[in-house]
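Each remark here refers to the structure printed beneath this line.
The values are calculated or read from the model by the stated rules, or taken from the named source; none is laboratory data. Note that the structure is a prediction, hence the values are computed from the model and not measured. We place every Cβ from the backbone using ideal geometry, glycine too, and count neighbours over all the protein chains shown. The area values use the complete protein model at the heavy-atom level, side chains included, leaving out ligands, DNA and RNA. Shrake-Rupley method; radii C 1.70, N 1.55, O 1.52, S 1.80 Å.
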Amino acid sequence: MFTFLRPLTLCVVAGIALALSGCAEQGTPADLVIHNARIFTGDEGKWATAIAVTGDRITFVGADADAKPLIGGAARVIDAGGRLVIPGINDAHTHPIAMPPHTPLSGPPAMQENPSLDVVLERLRAAVAKAPEGGWIVGEVSEAVLDDERATRRTLDPISPDHPVMLTAWHGHGTIFNSAGLKALGVKDDEPDPAGGRFGREKDGRTLNGQAQEYAEFILRQRLTMIPGEEEQIAAYQQFGREAASFGITSVQAMMTGYPAAGAAPLFAKAQLPVRVRVIDFPMASPAEWNGAVQGTDAPMVTVSGVKYIVEGTPIERLMFLREPYSDAPDTRGRLNFDTSAFASLLAPASAARVQPMFHVAGDAGIDAVLDVLDGSANSESPWPAIRPRLEHADMVEPSHFGRLKRHGVVVVQNPSHFMIPEIMHARLGERVTRIQLMKSMLKAGIPVALGSDGPLNPFLNVMFAVMHPTNPAEALTVDEALVAYTRGSAFAEGVEGQKGTLAPGMLADLAILSQDIFTVAVEDLPKTSSVLTVVGGRVVHDQLKPGVRP
């Protein structure tokens with residue numbers, strides 16, 4: 001059952017009141033002391049130079065001189081050499097998955113190149129020539145392929161009659177299978193559409209043409225990512241955890257599109273990742289029948305909480321739901337995956353079980369629909385503020401939404417990589433791009449904002465995207481605003497702001513020493529940042545610190 005931890009402990013409040021001078025634990029011998037640092041606490045611009053940790057908690061944040069009495073004989077003492085120390089990054093939206101052995105298509109990332117279907121078919125021929133007998137071929141495609149009416153299994157089958165093929169849009173919405181791929185995943189030629197999803201069909205209206213959208217594709221892609229056995233799944237999660245720790249990420253909120261949450265949680269526990277994992281349920285086959293049963297865990301670094309639903313697609317394949325038609329396709333304004341009555345049935349068990357609901361939604365009409373359902377289920381007093389519903393992406397949140405967002409305690413989780421397709425957004429929305437991705441405006445209005453990757457894991461690459469914001473530069477964040485959203489904001493989105501997200505006495509000792517000062521380097525150099533020392537719960541989980549070497 002999803003519960004939120006209590007607000008800041010008395011120790012934390014005292015620590016803040018004393019302006020980071022520590023609290024009652026100040027006399028407790030420390031296990032770890034970091035000094036000669038530039039410590040960004042994440043608390044209203046407060047800075048420090050030293051931090052002490054006892055067990056899994058921070059016991060002191062303040063000046064170097066005041067930290068000296070805490071150093072005991074067994075303490076590890078680290079001279080940070082003036083480096084920047086930050087609260088551990090909390091990635092609020094990520095997708096760890098394991099893929100079975102497969103042959104990938106060659107070429108640069110589809111997001112960068114936007115290759116035509118003809119180019120993709122040539123690469124498929126090359127992949128077939130080197131793939132093992134019967135082996136999967138998996139590749140990314142772009143909007144150019146999604147817009148090509150030839151992109152069906154009838155086109156893929158002559159090239160790859162025996163190798164199963166899956167071609168997925170780089171942004172995750174829109175997948176094409178060949179006949180061998182459908183067969184390998186147990187799909188019949190006349191498979192019915194699942195709730196929230198659609199299969200493309202031939203002119204007869206019955207036979208599948210290999211295209212799959214929304215829950216139809218999510219179900220099939222999950223079948224593929226579940227092919228690897230337990231050991232392979234664990235190895236993939238461990239690699240993911242090592243990469244996260246190398247960036248100073250100490251918590252991840254994992255949207256389990258690749259493996260059912262009930263099965264993934266024990267695998268994460270067995271993997272013993274160096275970072276904290278929040279496993280988020282993502283019911284697929286029967287979303288309306290979800291009952292909140294998969295919540296909670298006994299593993300100290302793994303929790304299971306929250307449930308996610310995909311309300312609509314994205315602007316790239318034009319399935320984001322709009323009030324007015326797409327500028328480059330005036331015959332469509334996208335669509336909802338579930339009608340409003342279905343939304344109400346989805347929300348009822350989340351409300352009853354006190355489980356935080358999360359909605360993938362980006363379009364203005366899609367956001368309208370979600371807020372309408374929240375309004376309808378609130379009666380005279382909203383039950384939602386304590387549960388904190390989340391809008392994942394929410395690109396077209398506008399000021400007219402702000403009042404209802406605040407009334408229901410809604411948190412917006414944004415992904416800065418979505419800001420990096422200005423040409424596509426201009427084509428799809430025209431002048432409406434000046435009214436989208438209102439990061440700065442939401443913060444000023446007091447809307448809680450968190451950041452997650454939903455793509456490249458490097459948080460400093462995503463900070464750069466948030467600071468650049470080429471789609472709507474007037475709404476770009478500063479580095480410190482982006483960092484707070486990635487730490488304190490993400491902790492709030494998780495309901496654990498009383499435990500992590502800032503560096504203060506009483507908080508969990510989750511922090512990172514960075515390779516460079518992200519507040520002073522050029523914006524274009526932000527992605528070069530890594531962690532030289534990552535600490536989770538007082539334990540060093542990543543150590544590339546070279547003693548005596550200054551940044």
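Between the Cα long axis of helix 364-378 and the first principal axis of the chain there is an angle of about 70°, rounded to the nearest 10. Taking a ≥ b ≥ c as the square roots of the eigenvalues of the Cα gyration tensor, an a/c ratio of 1.5 or more together with a/b no larger than b/c marks segment 466-551 as oblate. Each peptide in 358-366, 336-344 gets a packing score, the mean of other Cβ atoms within 10 Å over its residues, and the list from highest to lowest is 358-366, 336-344. The relative contact order of the chain, computed from alpha carbon pairs under 8 Å that lie at least 6 residues apart in sequence, is 18 percent. Would you mind checking segment 102-119 for residues with the amide N under 18 Å from a putative spin-label position 7 Å along Cα→C-beta of residue 129? Residues passing the 18 Å test: 103-108, 118-119. Computed from the C-beta positions of residue 519 and residue 434 and an R0 of 30 Å, the FRET efficiency is 0.55 to the nearest 0.05. Stretching the chain fully between residue 354 and residue 339 yields a gain of 3.1 nm (0.36 nm per residue, less the alpha carbon separation).
Look at where the Cα atoms of segment 81-145 and of segment 406-422 average out, and the two centres are 24 Å apart.
Taking each residue as 0.36 nm, the span from residue 242 to residue 112 lengthens on full extension beyond its C-alpha to C-alpha distance by 44.1 nm. Nearest 10 degrees, 0 to 90: what angle lies between the long axis of helix 261-271 and the longest principal axis of the chain (Cα atoms)? For 261-271 against the chain, the angle is about 50 degrees. Each peptide among 436-443, 500-507, 102-109 gets the average number of other Cβ atoms lying within 10 Å of its residues, and from highest to lowest they stand as 500-507, 436-443, 102-109. Between the amide H of residue 516 and those of 530, distances stay under 5 Å, these residues lying 5 or more places away or on another chain, with hydrogens modeled in the peptide plane. The modelled label-to-label distance for the pair residue 328/residue 544, using points 7 Å beyond Cα in the direction of Cβ, is 3.7 nm.
To the nearest 10, the accessible area of residue 478 is 60 Å² with a 1.4 Å probe. With bins 10 Å wide beginning at 0, the percent of Cα pairs of segment 139-200 falling in each bin runs 21, 54, 24, 0. A full extension of the chain between residue 63 and residue 148 corresponds to an added length of 24.4 nm, given 0.36 nm per residue minus the alpha carbon distance. Quick check: the angle from helix 459-468's long axis to the longest principal axis of the chain, C-alpha only, nearest 10 degrees? So the helix axis and the longest Cα principal axis differ by about 80 degrees.
Annotation: per residue accessible area for segment 149-248 equals 42 Å², rounded to a whole number [probe 1.4 Å, protein chains only]. Label zone (residue 444, point 7 Å along Cα-to-C-beta; backbone nitrogen cut-off 15 Å) within segment 398-424: 398-400, 402. Solvent exposure of segment 463-551, expressed per residue, is 34 Å² of accessible area, with all protein chains present and a 1.4 angstrom probe.
Note on the chain: antiparallel DSSP beta bridges, both residues inside, total approximately 45 percent of the bridges counted. Element breakdown for the chain at a 1.4 angstrom probe: carbon and sulfur atoms account for 54% of the accessible area.
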